[in-house]
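Every number in this text was worked out from the coordinates using simple rules, so none of it is lab data. Quick caveat, the model's predicted, so the values are computed rather than measured. When we count neighbours, we look across all protein chains shown, and the Cβ atoms used for this are built from the backbone with ideal geometry, even at glycine.
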Amino acid sequence: MLLATTLLALLRFCLGSSEQGLDPINNMCSRWNHQSAPKPHSLLDLLAVIKDGILYIDGGIETFASNGQPPRVLGNNEYLIGVDMSDSWDWKVNVTEKAIPKTTPPSSLNSVPNMLRGAAFSAPANDPKIYIFGGSNFTLNSSFENYTGPLSDTNALWSFDPTVSEWQQHEFSGASPARPNRGAWADVSDQGLGFFLNGYYDSGTSTGYEYLHNGTIGQTGMAMVNTTDLSYSRNFSTSQIYGLEPTYGAAMAYVPGLGRKGSLIVVGGASKLITDSSEGEMNATGDTPRPRTDFCPVSAPAPDNSSYNIYLYGGQNPLTNEIYDEAFVLSIPSFIWIKLFVGQSPRYAHTCHFLGNRQMLTVGGSLSTNLTGTCDWEYRGVAILDMTDLTWGSVYNAYAAPYELPQNIYEVIGGSATGGANIMSPAKGFSDPSLAKLFTQPSNTSSPRTGTGGIQSTSTQPASTHTGAIAGGVVGGVVGLAHLAAACLILIRRFRGERSRSPEAGKSQDQTPHELPADKIKHTENELGTDGPVNELGVEGQLGELP
């Protein structure tokens, strides 16, 4: 405690004291376990390219330093950070970021929280608000300025209106009695919905959970936030589907064109209990990723919607703690895994979004399990992957050419850069008729492209392909959105298969990491402790209907 206090005082002396605290932008060493969501400013922005839009980054753990050098201090981001996405930029030269203080409204009895591992949802384009759901309080460094520890407030939902700079707390106990964290989440902003699947409660959830110490309590079900009318929010039971402990660290991607109102793809994650079932088994083939948590997905349909491709980036192995710098695609309906590249700059606990027609924007992430050991070489906390050329860089192009399939994908599933896939089913067929039905009538209309928490960057309206309840399956699961009250979820609970480790695509020179010297601060606390063995999720899946 004395060492942490001394280092904080030394850092504040080097940086200068400020009533605003340590600068979350200029003094950022690294940031992870945050929430982020892009927000368009008009319906035109939603359906074309994002113009005058802002990417909001909320909360998260942050290490602070002066020019990346020791001493480094572990703390949390107490601001809402806005990144201007209205025009092209190079994060090395001219990206504009703004730290927005969190001011508690006079009518609220509780302070605006600074959460970790929650979710950010953007309301429809005609509503300026963003919503912050769930999360855990920062508890790792009680010497950090403004440290509060767990709060007594358990309300899971807040919103921020940038037009009046006002936060508002929302009663949400009917759909979520407390704040879960580290669940799989997706922003379905074109329908005014947000989803948060499973996760857990821990000692940072609220004062009522401090007794857990390093333990956790799994959160069952999937919370749905209806941002157009919060009274219609609810929680869907997943107990009949899982038949095991809830998952954590999984990722969820929204695919608007798959099904009458789109589908949710749930991938990866871990659980403390393994139970296998042969019912509804569905195995993907190809170059299957190793088990992982805390990675990020984005989805990109082929221009003709003949395939839907889920890009996965980064993550950490829950068994070995190995951190990955890998990108994979799960292409459906062929259910084939395709490795895109392996690099030398691993990270986990980041977020990513599909923006600017064909680019995956990554936000933050930790490069090491030594939380203060190094600074992020992407010193503005963002990076860009061109999802067609498969090159990394520092430049965001707001006017990039439309997305086309990279050769790595179409040489496996057939067709060309514009689509025309000729592998339209898994190698062993679909495990359930509902799955086959989902893919029998692909849309001929270009559909919105998005990712975890992502706003569509270019599209027309999603096409209607079916009526009735929709079920689907991938590694993790699919939830059809046509009739949520009768939706189905199928689980396949392990990445498995041969794993090639050779690079599959080159990277631009902007991707080459320039690591900073290791910090002398030793940090031994575990941020994500568990009260039992951690296991990757099992192989087989089970199909069941949500009530």
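Rounded to the nearest 0.05, what FRET efficiency do Asp229 and Ile100 give with R0 = 22 Å and r taken as the Cβ-Cβ distance? Could you check?
Result of the calculation: an efficiency of 0.25.
Cross-link list Lys98/Lys261; Lys261/Lys339; Lys129/Lys339; Lys102/Lys339: which exceed 32 angstrom alpha carbon to alpha carbon?
Where the Cα-Cα span goes over 32 Å, the pairs concerned are Lys98/Lys261; Lys129/Lys339; Lys102/Lys339.
Set Lys and Arg Cβ to +1 and Asp and Glu Cβ to -1, take the dipole of region 245-398 about its Cα centre, and tell me which of Tyr396, Gly343, Tyr308 lies farthest positive.
The Cα lying farthest towards the positive end belongs to Tyr396.
What does the highest-first list of 103-112, 357-366, 170-179 look like by mean Cβ count within 10 Å?
Put in order of decreasing packing, that is 357-366, 170-179, 103-112.
Given the Cα-Cα distance of Ser425 and Ala401 and 0.36 nm per residue of separation, how much length would full extension add, in nm?
Stretched out fully, the Ser425 to Ala401 stretch lengthens by 5.7 nm.
Distance between Cα centroids, region 183-252 to region 355-411: provide it in whole Å.
27 Å
Tell me, what HN-Hα J-couplings in whole Hz come from the Karplus equation 6.51 cos²θ - 1.76 cosθ + 1.60 at θ = phi - 60° for each residue of region 376-393, using x for Gly and Pro?
Whole-Hz 3J(HN,Hα) from phi for region 376-393: 6, 5, 7, 6, 9, x, 9, 8, 10, 10, 6, 7, 9, 7, 6, 10, 8, x.
How far apart, in nanometres, would the label points at Asn146 and Gln69 be if each is projected 7 angstrom from Cα along the Cα-to-Cβ direction?
Result for the modelled spin labels: 2.7 nm.
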